[in-house]
Amino acid sequence: MKKISLPLTQKIIGQLKVGDDVFLSGIVYTARDQAHKRITELIKAGKKLPFNLEGQVIFYCGPTPAPRGKVMGACGPTTSSRMDKFTPLLLQNGLKGMIGKGSRSKEVARAIERYKAVYFLAPAGAGAYLSRCVKKSNLIAYPELGPEAIYRLAVKDFPLIVGVDMKGRNLYA
Amino acid sequence: MRKIKSDAIKEAVSHLCIQANLVLRKDIFLALERAYRSEKNKRAKGILKILLDNASIAKKEKLPICQDTGMAVVFVEIGNRVKITGGNLEEAINAGVREGYQKGCLRKSVCEPFSRRNTRDNSPAVIHSRMVKGEKLKISVCIKGFGAENKSQVKMFEPTAAVKEIKDFIIRVVKDAGPDACPPFVVGVGIGGTADYAMFLSKKALLKKITNYRLPITDYVSKLECDLLKEINNLNIGPMGLGGKTTAMGVNILTYPTHIAGLPVAVNISCHATRSATKTI
C-alpha cells in the first residue's frame, strides 16, 4: 500500500502502476456532470475557472449533506464514464488526477497517457466508509447545483486503486 | 370504511426513506456476508469487507449507505375499505419524501429533465399504487440510485423465443452494466405484460427478499432465477468489476400474462446497496 500526499507531482505519478493500492491525502475537488459542462464552457470561452486545474485532482462525487456535528455526509464516487467527453480538455488544461468508479474510454486513457496524469478508483457504494477520510469540506462554486456543486475537500488516507496509469494502461481493459 | 390520515402516510414515507437509506436490508447484508466468506479473490474479498464495514458505519453513525440516496420509488397497496382523510395519497407521499430527505440529511438528486434544475427536496417520487382488498395500506419505498438505474433495459421478444435467448439477454444486460452499476447486483427481471408493465415488474422484483437457494427447487421461475444467478456469477465481473465469484447476490423474477404476439422482458439492475423498506398502516 503506497501513501501519497497531494499535489500530484510528475515524480509521484511516474511511480504509480495500474492496479496499485494507494492511500491519498491532501486537497481534492468534487465535480460531476453539470460542473464539468460549465468548466468546459468556461475553458472554451477563455474565462476564469472556479479553481485552477493545474496539478489538481477531481473527485467525481456529489456528497450527501453533512449531518450536524459531522464534516461530511456519505461521499462515494459516481460513474466516471459520464465525464469522459469532458476529460481530455481538462487534462489538456493541467488536471492531473481523477477519482471515480468504473472504466474510462480509450480517448480518456490516451489523454491520460499524453498529459501524464492518473485515474483512481474509489470503493463504489461505500459512501459512509469514505466520509471518515474527509477532514474538511468547503463549497467553492455553483451552490445552485445543490449536490453537484464544487467542494474543496481535505482527505486523509483515501483508499484508492490506480485505474489508469500514466502509460494509459486501463485496469478494466 | 377505515379512515387513515394523510399525515400518517406522510410520516410513514418520511421514516421509510430514512430507514432504507441508512440501514441496509438484512437479506442484502447476509448475502454480502456469504459473498465475503466464500470469496477467494483477495481484491474482491477486500472490497466486500469494505462494503460490510460501510453498512455497519452507516447504521451506527446514521449516515446514508451511499451518497446516491436515489429517486424514491413508492409502491402502495390501498385496501378498498380505506378512506384517506386530510389530503390525497400522492401529496402525502411527496410530503413524506420531502420531509424524510430533509430530516435524514439525504441527498436531493431529483431535477427537471431539460433545465436540470434541482427540485431541492427530492420530490416528486415515482408512485405505483394499486387497490387491494381490505382496510390496510401498505407502503414500500425503494431507493433507486442511478448508477444502476441507467443500465435498465427492456426487450420485446417473439412469443416463440427460446428461454436461452431470454437468459442470454438478461446476462448481456448484466455484462453491459459492468462496474458502473456497483456489483454485486440484485437483478430485477419482469417477464410478460406490456413493455411498461414488464419494466414495472422488474423494479418491483427488487423488493423481494433475495434467497439463498439451498432447498430443492421445483417451480419454473425459481429454477430460472437459480440458473441465471449461477451463470451471472461465472462472468467474473465481481465487486467493483475487478473480478471475483459474486457478480450478483440474487436474481428476482416476477411474471405476468402477456399477449399471444409478444414476450416482453425487462431488466432492472440494482447495486450492492439495494435499498427498500416497507410499512403497513
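All of the numbers you see were taken from the coordinates with simple rules; none came from a lab. Quick caveat: nothing in here was measured; it's all calculated off a predicted structure. Counting neighbours? That spans all protein chains shown, and the Cβs are built from the backbone with ideal geometry, glycine included.
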**Request:** Output the Cα-based Rg and Dmax of the protein assembly as shown in Å, rounding Rg to one decimal and Dmax to a whole number.
**Result:** 22.4, 74
**Message:** Report D for chain B in µm² per second (integer): Stokes-Einstein, Kirkwood Rh on Cα pairs, 20 °C, 1.002 mPa s.
**Reply:** 110
**Fill in**
Output field shielding_mean for A:144-152 (other chain Cβ, 10 Å radius) holds 3
**Request:** Apply the Karplus parameterisation 6.51 cos²θ - 1.76 cosθ + 1.60, with θ equal to phi minus 60°, to every residue of the range A:84-94 and state each ³J(HN,Hα) to the nearest whole Hz, in sequence, with x for glycine and proline.
**Result:** 3, 5, 9, 5, x, 5, 5, 5, 4, 9, x
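Just flag the GluC sites (Glu not before Pro) in the range B:1-90 sitting in loop per DSSP whose Cβ has no more than 16 other Cβ atoms within 10 Å. Walk me through the numbers on the way to the answer.
Working: sites: B:E11, B:E33, B:E39, B:E61, B:E77, B:E90; in loops: B:E39.
Answer by residue number: there is no such site.
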**Fill in**
At 20 °C and 1.002 mPa s, the Stokes-Einstein diffusion coefficient in µm²/s for the range B:1-101, with hydrodynamic radius from the Kirkwood sum on alpha carbon pairs, is 136
**Prompt:** In sequence order, what are the phi-derived ³J(HN,Hα) couplings for the range A:43-50 according to the Karplus relation 6.51 cos²θ - 1.76 cosθ + 1.60 with θ = phi - 60°, rounded to whole Hz, with x for glycine and proline?
**Reply:** 4, 5, 8, x, 9, 5, 8, x
**Item:** For A:V18, distant residues with modelled amide H under 5 Å away
**Value:** A:D165
**Item:** Members of A:K96/B:K59; B:K175/B:K203; A:K2/B:K203; B:K45/B:K279; B:K103/B:K144; A:K37/B:K49 lying beyond 30 Å, as alpha-carbon distances in this model show
**Value:** A:K96/B:K59; A:K2/B:K203; B:K45/B:K279; A:K37/B:K49
**Fill in**
Checked against the positive end of the charge dipole of chain B (+1 on Cβ of Lys and Arg, -1 on Cβ of Asp and Glu, about the Cα centre), the farthest of B:Y220, B:G192, B:Y101 is B:Y101
**Prompt:** Per-residue HN-Hα couplings for the range B:7-15, Karplus 6.51 cos²θ - 1.76 cosθ + 1.60 at θ = phi - 60°, whole Hz, x for Gly and Pro?
**Reply:** 4, 5, 5, 4, 5, 4, 5, 4, 4
**Prompt:** Looking at the range A:1-64, which chymotrypsin sites (Phe, Trp or Tyr not before Pro) are DSSP coil and have at most 16 other C-beta atoms within 10 Å of their C-beta?
**Reply:** A:F51
**Asked** Computed over the Cα atoms of chain A, what is the ratio Rg over Rh, Rh following Kirkwood?
**Response** 0.93
**Message:** Please flag any cysteine in the protein assembly as shown that has no other cysteine's Cβ under 4.7 angstrom from its own Cβ.
**Reply:** A:C61, A:C75, A:C133, B:C17, B:C66, B:C105, B:C111, B:C142, B:C226
**Prompt:** Under unit Cβ charges (Lys, Arg +1; Asp, Glu -1), what dipole magnitude, rounded to 20 debye, does the range B:10-165 have relative to its Cα centre?
**Reply:** 540
**Message:** Give me Rg/Rg_expected for the range B:154-241, where Rg uses Cα atoms only and Rg_expected = 2.2 N^0.38 Å with N residues.
**Reply:** 1.11
**Complete:** With N residues in the range A:64-144, Rg(alpha-carbon) / (2.2 N^0.38 Å) equals 1.25
